[in-house]
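We did not get these values from a lab; they are worked out from the coordinates using the rules stated. On a predicted model such as this, the values are computed, not experimentally measured, just so you know. Methodologically, a virtual Cβ is constructed for each residue, glycine included, from the backbone with ideal geometry; neighbour enumeration extends over all protein chains shown.
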Amino acid sequence: MSSRRTVLTAALAVTAAAAFADGGTGSALAASGGEMVDHHGWSGTAGWRAGSRDGTAVREGHRPGIVVGGRPAGTLEYADPHAGGATSRWEYGTWVSPARELPAPARELVVSWNARTPAGTWIQAEVRAVYTDGGSSPWYVMGRWTSGDAKGDIRRTSVDGQKDGRSSVSTDTVVVDPAAGVRIAAYRLRLTLCRRPGTSLTPVVWRVGAMASDIPDRFTVPASRPGEGAGHRLAVPRYSQEIHKGQYPEYDNGGEAWCSPTSSQMVVEYWGRRPGPADLAWVNPDYADPQVCQAARMTYDHQYKGCGNWPFNAAYAATYRDMQGVVTRLRSLTDAERLIRAGIPVITSQSFLASELDGAGYGTAGHLMCVVGFTRAGDVIANDPASPSDDAVQRVYKRRQFENIWLRTKRHDAQGRVKSGSGGVCYLYFPLALRAEQRQALRRLGIV
């Protein structure tokens, strides 16, 4: 992901939530060797009713969600910094999760959500952390999000400049300052659902959750042995980002930067979903794979100025019929193998020098690709969008090399400077209707 950051001066005023209280809907912990990854989410009727609501209601059905209720909590004004600062008024309602007490303290936290916002509506996702010394962070905005970009909609955006001297927000991640002497002990999430005053339109949020983690600083990680995924390959479509170079440069300079939405589109289509003709009518008919252009447009973060915002990609995937998406971390390729064996592809985030990944032919400060299988020897089969054509997208990478560049948290760049690694970050997309083995594989990761 890019390191570009600028200060967003616009502010959104919403009512503060009540103090933390006990509550929650299920939990999961994956911890070993000093690692802690905790993914926790709220969805379904029970999950939504566990939170506190002001101006929102639970919509029942095959996919229960939270919506603006018959009597919104009030109105607010929002000056959109990416639309010339134009100020508009919105009705809103809020939903606040129960407190999530972590099984072990965390240094980082990423929020993700699944929602749909009709034109003239949008949502804001926030998190408030409780530190191990009992203090609390402010409510950090983790995204102001729309599933479209119709005229009059706000611009989809992250928010820069958020910090309290102990932690800060880096685009999509809350990071605790190592010098602060604290960790995150608990958190609560808040959703603000907005719509134009006087309408009956409403966003609907189907899932919200967070991945909290504490991964040791490390340049190398323990090697895993080939396991149950060896010899399995999923039939994931292959799309190249490189064939889109120069197309729609308003979305982060065109296809050369579209690794994240290209990977997302591959997996969306693996599950049998894709945009319709009306969605793609804006794309130049001379361009191949117009759905990749659509994915880039609908994941674009106007503050980050790119398509690599992790939660925005998961949210994009979930706009398709009965699809869900989360951002989490895995601890090893063994976890990825279980998912592949169950039929669930894994989109991974990694950084590396060209010399660190044989066969890639390039180095990168941040890149997304899709793990679609493993050879019989346990090497990684990846759909790598940084390929010259769709036919060249599928690659085989050495297991040990791939595992290390994906799971490490520290690395050296070409000048020998110490840089960060993703520590096993991945996107997981999957439908509501799951086979038993798929549900079990996800449940082992705390995703239910």
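Run the dipole for the range 187-329 about the Cα centre, Lys and Arg Cβ at +1, Asp and Glu Cβ at -1, nothing else charged, and hand back the magnitude in debye, nearest 20.
Values: 16 positive and 13 negative charges, 115 e Å.
For the range 187-329, the charge dipole is close to 560 debye.
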| said: Suppose the chain between Glu256 and Arg376 were pulled fully straight at 0.36 nm per residue; how much longer would it get relative to their current alpha carbon spacing? | reply: 40.0 nm
| said: I'd like the Karplus ³J(HN,Hα) series for the range 418-435: coefficients 6.51, -1.76, 1.60, θ = phi - 60°, whole numbers in Hz, and an x wherever there's a Gly or Pro. | reply: 7, 10, 8, x, 6, x, x, 5, 8, 9, 10, 10, 6, x, 4, 7, 10, 6
| message | Relative contact order for the range 252-397: what percent, with Cα pairs under 8 Å and sequence separation of 6 or more? | response | 20 percent
| To the nearest 20 debye, what is the magnitude of the charge dipole of the chain about its Cα centre, counting +1 on the Cβ of each Lys and Arg and -1 on the Cβ of each Asp and Glu? | 720 debye
| message | Taking loop as defined by DSSP and a crowding limit of 10 other beta carbons within 10 Å, which GluC sites (Glu not before Pro) in the range 46-149 fit? | response | Glu60
| Relative contact order [Cα under 8 Å, 6+ residues apart], the chain, whole percent | 18 percent
| said: Given the options Met36, Pro249, Gly51, identify the residue whose Cα lies farthest towards the positive end of the charge dipole of the chain (+1 on Cβ of Lys, Arg; -1 on Cβ of Asp, Glu). | reply: Gly51
| GNM, the chain, Cα, under 10 Å: largest mean-square fluctuation among Asp54, Asp286, Asp379? | Asp286
| In the range 352-448, what chymotrypsin sites (Phe, Trp or Tyr not before Pro) fall in a loop by DSSP, with at most 12 other Cβ atoms inside 10 Å? | Tyr362
| request: Any chance you could check the Cα centroid distance between the range 388-434 and the range 251-282 for me, in angstrom? | output: 20 Å
| query | Which of the lysines could be linked to Lys151 by a straight reach, that is with a Cα gap under 29 Å, when you skip same-chain ones fewer than 8 residues away? | reply | Lys245, Lys305
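What is the sum of charges around Ser200, taking Lys and Arg as +1, Asp and Glu as -1, for the other residues whose C-beta is under 15 Å from the C-beta of Ser200?
Here the count lands on +3.
Filter the GluC sites (Glu not before Pro) in the range 210-278 to those in DSSP coil with at most 16 other Cβ atoms within 10 Å of their Cβ, and list the result.
On the way: sites: Glu228, Glu242, Glu250, Glu256, Glu269; in loops: Glu228, Glu250.
For GluC sites (Glu not before Pro) across the range 210-278 that sit outside H, G, I, E and B with at most 16 neighbouring Cβ atoms in 10 Å, the list reads Glu228, Glu250.
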| note | Diffing the range 139-152: the Karplus 3J(HN,Hα) column from phi (6.51, -1.76, 1.60, θ = phi - 60°), in whole Hz with x for Gly and Pro, holds 6, 8, 7, 9, x, 10, 10, 10, 7, x, 8, 5, 4, x
| Sorted from fewest to most neighbouring beta carbons within 10 Å, what does the list Leu368, Leu353 look like? | Leu353, Leu368
| field | For the range 325-403: rounded, prolate or oblate by the Cα gyration tensor [a/c cutoff 1.5] | value | rounded
| said: Please arrange His244, His62 by how many other C-beta atoms lie within 10 Å of their C-beta, fewest to most. | reply: His62, His244
| request: Going by C-beta contacts inside 10 Å, put Met36, Met211 in order with the fewest on the left. | output: Met36, Met211
| query | What ratio of Cα Rg to 2.2 N^0.38 Å holds for the chain? | reply | 0.92
| Once you list every other residue whose beta carbon is under 13 Å from the beta carbon of Cys259, what net charge do they have if Lys and Arg are +1 and Asp and Glu are -1? | -3
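Give me the extension gain from Ala281 to Phe219: residue separation times 0.36 nm, minus the current Cα-Cα distance, reported in nm with one decimal.
Once the chain is fully extended between Ala281 and Phe219, it gains 17.7 nm.
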| Selection from Ser168, Gly84, Ala99, by position along the positive dipole direction of the range 47-193 (Cβ) | Ala99
